[in-house]
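A short worksheet on the structure shown next.
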Amino acid sequence: MTDHEFHTATLRIRIIAEPGPGEFDEFDLKHFRVGNTYDVPPRLASLLVIAGYAEPAGAQTKRAEAADRSRRGSRNTSD
């Protein structure tokens, strides 16, 4: 297998809060900004999501769509 055939798996996350200083010393998180989306190694993604600093990138959109569907389904149509 050549170098260009090897692909590292990543997960897409959205940063929702900034980790405190020293919480993830083994990773360089200086470039992360709240609200931005990043492709990161699975281990870092898991740590940030579990700690409450990130969410899977599609989570906010799916919640909004679900909320919109539930509002449409509960309309009172008797006028």
Stretchable slack from HIS31 to THR10, in nm (0.36 nm times residue separation minus alpha-carbon distance): 5.9 nm
Protection proxy ranking, peptides 26-36, 43-53, average beta carbon neighbours within 10 Å, highest first: 43-53, 26-36
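Readers should treat all values here as calculations from the given coordinates under stated rules, not as data from a laboratory. Please read all numbers here as calculations on a predicted model, not as lab measurements. Cβ: placed from backbone, ideal geometry, glycine included. Neighbour counts: every protein chain shown.
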